[in-house]
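The values are calculated or read from the model by the stated rules, or taken from the named source; none is laboratory data. These numbers come from a predicted model, not from an experiment. Glycine gets a Cβ as well: all are built from the backbone with ideal geometry, and neighbour counts include every protein chain shown. With ligands, DNA and RNA removed, areas are computed over all heavy atoms of the protein, side chains included. Shrake-Rupley method; radii C 1.70, N 1.55, O 1.52, S 1.80 Å.
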Amino acid sequence: MQKQAAELLDEYTFSDRDVMLRVLGPGNEFISSIARELGVEMGHRGETVIFRGAADRVHAGMRLVDQLSRACRDNHSLKEGDIIRGVRILASDPKAELHSIFNDVVHVTASRRLITPKGAAQKRYVDAMRRHDLTFGIGPAGTGKTYLAVAVAVNELLAGRYRRIVLTRPAVEAGEKLGFLPGDMVEKINPYVRPLYDALNDMLDYERTQHFIAQGQIEIAPLAFMRGRTLNDAFVILDEAQNTTRAQMKMFLTRLGFSSKAVVTGDTTQIDLPPHTESGLIDAQRTLAHLPQISFCHFSGVDVVRHALVQQIIEAYEAQGPSRKVVKANEGQNDEVHESK
């Protein structure tokens, strides 16, 4: 009796048949995906979709279909991944607007692939980078912090709003000593900045990336090379900022010149600094949080856009609490770390 009382039967009727075909997919194949993700029963009659199941799941299904319909009215072409993504976005943020997320094109890659936000957190992050001259993207690996920052930077460069892009990272080894690295300075720093090259090559292709680098419109360098400089008319990205010291972070932030923008990305759960050395990223959160001109965007495990197993791995590690090394590296700052999450 209680189960019957908790169940709900509801219908959603499409006002546009073309939109319905996009939402439900070829041969209505998306119906099974929606039903599986939401844990409801679904049927289809004419231009009406029927939901049956727990009331909260049915309400979620009605909202999902309505949101997908609005996205498709803006000419968005849905894939099965969008269905799964939409369910998860609305589960974490019921007030999210899928049409504004799905249809926000950050950049068009060299292969004509569209780079768009993959969730509400990424949408807020992209909007923050557009609005603020200094944005912090903080969260676990796989949430798109660096990739989206590079995408926005490339788009701004191509639009002529900035004269150059400067990408930098601290040259800190991730838990292992690489020893002596052969070659000239460029070859020595290449392992540290390789992820930045990968992102650029994906967006511009290798030849165009090399052209921009040769022309000085894109610069990739270790953080140590930033000292003493003033970066004007530049879109500047500091990656892996959790591995900066307080002094390095202050040095970087004070490089910002006229008509420039900076984005700082990092993961406070993966600090590779020596014991008892406070992360400059954690210190910056505490020191600068009161400044309204600066945006702090936080990501969590639910925002991971890599293999589904990656999200589960992150959640498993988070359940164990901070590692011993993180506690040592940030002794006395654990309250701030927890608050930032």
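Name the one entry in Ala121, Ala60, Ala128 that is assigned to a helix (DSSP H, G or I), of a type in the set (A, V, I, L, M, F, W, C) and out of contact with any helix residue (DSSP H, G or I) (no Cβ under 9 Å at 6 or more places or on another chain). Please lay out each step first, then the result.
Numbers: Ala121 fails: out of contact with any helix residue (DSSP H, G or I) (no Cβ under 9 Å at 6 or more places or on another chain); Ala60 fails: out of contact with any helix residue (DSSP H, G or I) (no Cβ under 9 Å at 6 or more places or on another chain).
When all the criteria are applied, what remains is Ala128.
Of all residues being closer than 27 Å to Arg208 by Cα and of a type outside the set (Phe, Trp, Tyr) in segment 114-126, which is farthest from the chain's Cα centre (by Cα)? Just the residue, please.
Here the residue is Leu114.
What's the number of the only condition in (1) surrounded by 22 or more Cβ atoms within 10 Å (Cβ to Cβ); (2) under 11 Å from the mean Cα position of the chain (by Cα); (3) not basic (Lys, Arg) that Thr135 fails to meet?
In the conditions (1) surrounded by 22 or more Cβ atoms within 10 Å (Cβ to Cβ); (2) under 11 Å from the mean Cα position of the chain (by Cα); (3) not basic (Lys, Arg), Thr135 misses (2) alone.
Can you give me the ranges of the helices (runs of 4 or more DSSP H) entirely in segment 268-341 with at least 1 residues that are at pLDDT 75 or above and among the charged types (D, E, K, R)?
280-288
Under the condition of being aliphatic (A, V, I, L, M) and open to solvent by 20 Å² or more (accessible area, probe 1.4 Å), which residue from segment 230-261 is nearest to Thr143 (Cα to Cα)?
Within segment 230-261, the match that is nearest to Thr143 (Cα to Cα) is Leu253.
What are the pairs with Cβ atoms under 8 angstrom where one residue, in segment 135-150, is of a type in the set (S, T, N, Q) and the other, located anywhere, is modelled with pLDDT under 95 and not in a loop (DSSP other than H, G, I, E, B)? Sequence gap at least six, or different chains.
Cβ pairs passing all conditions: Thr143/Ala121; Thr143/Gln122; Thr143/Asp303; Thr146/Pro195; Thr146/Leu196; Thr146/Ala199.
Out of curiosity, is Ala96 assigned to a loop (DSSP other than H, G, I, E, B), among the hydrophobic types (A, V, I, L, M, F, W, C), under 21 Å from Leu38 (Cβ atoms) and open to solvent by less than 40 Å² (accessible area, probe 1.4 Å)? Steps first, please.
On the way: assigned to a loop (DSSP other than H, G, I, E, B): yes; among the hydrophobic types (A, V, I, L, M, F, W, C): yes; under 21 Å from Leu38 (Cβ atoms): yes; open to solvent by less than 40 Å² (accessible area, probe 1.4 Å): yes.
Against the criterion (assigned to a loop (DSSP other than H, G, I, E, B), among the hydrophobic types (A, V, I, L, M, F, W, C), under 21 Å from Leu38 (Cβ atoms) and open to solvent by less than 40 Å² (accessible area, probe 1.4 Å)), Ala96 qualifies.
For segment 8-30, give me each residue that is part of a strand (DSSP E or B), open to solvent by 70 Å² or more (accessible area, probe 1.4 Å) and among the acidic types (Asp, Glu).
Hit for segment 8-30 is Glu11, nothing else.
Does any residue of segment 238-250 turn out to be aliphatic (A, V, I, L, M) and within 17 Å of the chain's Cα centre (by Cα)? Don't jump to the end; show me each part of the working.
First, pick out the residues of segment 238-250 that are aliphatic (A, V, I, L, M): 238, 241, 247, 249.
From what's left, within 17 Å of the chain's Cα centre (by Cα): 238, 241.
Yes: segment 238-250 contains one or more residues that are aliphatic (A, V, I, L, M) and within 17 Å of the chain's Cα centre (by Cα).
So if I check each of Val49, Val40, Val106, which one is open to solvent by less than 70 Å² (accessible area, probe 1.4 Å) and touching a residue at least 40 places away in the same chain (Cβ under 8 Å)?
Val106
Looking at Val65, Val87, Val105, which one is modelled with pLDDT under 95, part of a helix (DSSP H, G or I) and in contact with a strand residue (DSSP E or B) (Cβ under 7 Å, 6 or more places away or on another chain)?
Val65
When you go through Ser33, Ser111 one by one, which is the residue that is part of a loop (DSSP other than H, G, I, E, B), modelled with pLDDT under 90 and within 25 Å of the chain's Cα centre (by Cα)?
That would be Ser111, the only listed residue that is part of a loop (DSSP other than H, G, I, E, B), modelled with pLDDT under 90 and within 25 Å of the chain's Cα centre (by Cα).
Counting only residues that are modelled with pLDDT of 85 or more and among the small types (Gly, Ala, Ser), how many does segment 68-84 have?
Final tally of qualifying residues: 2.
Could you grab me the full set of residues in segment 210-228 that are closer than 16 Å to Tyr162 by Cβ and either outside any helix (DSSP H, G or I) or touching a Gly at 6+ places or on another chain (Cβ under 6 Å) (or both)?
Residues satisfying the conditions are Gln215, Gly216, Gln217, Ile218, Glu219, Ile220.
So the check is Cβ under 6 Å with 6+ separation or different chains; which pairs have a first residue in segment 19-32 that's touching a residue at least 24 places away in the same chain (Cβ under 8 Å) and within 15 Å of Asp82 (Cβ to Cβ) and a second one that's polar (S, T, N, Q) and part of a helix (DSSP H, G or I)?
Final answer for the pair search is Val19/Ser69; Val23/Ser69.
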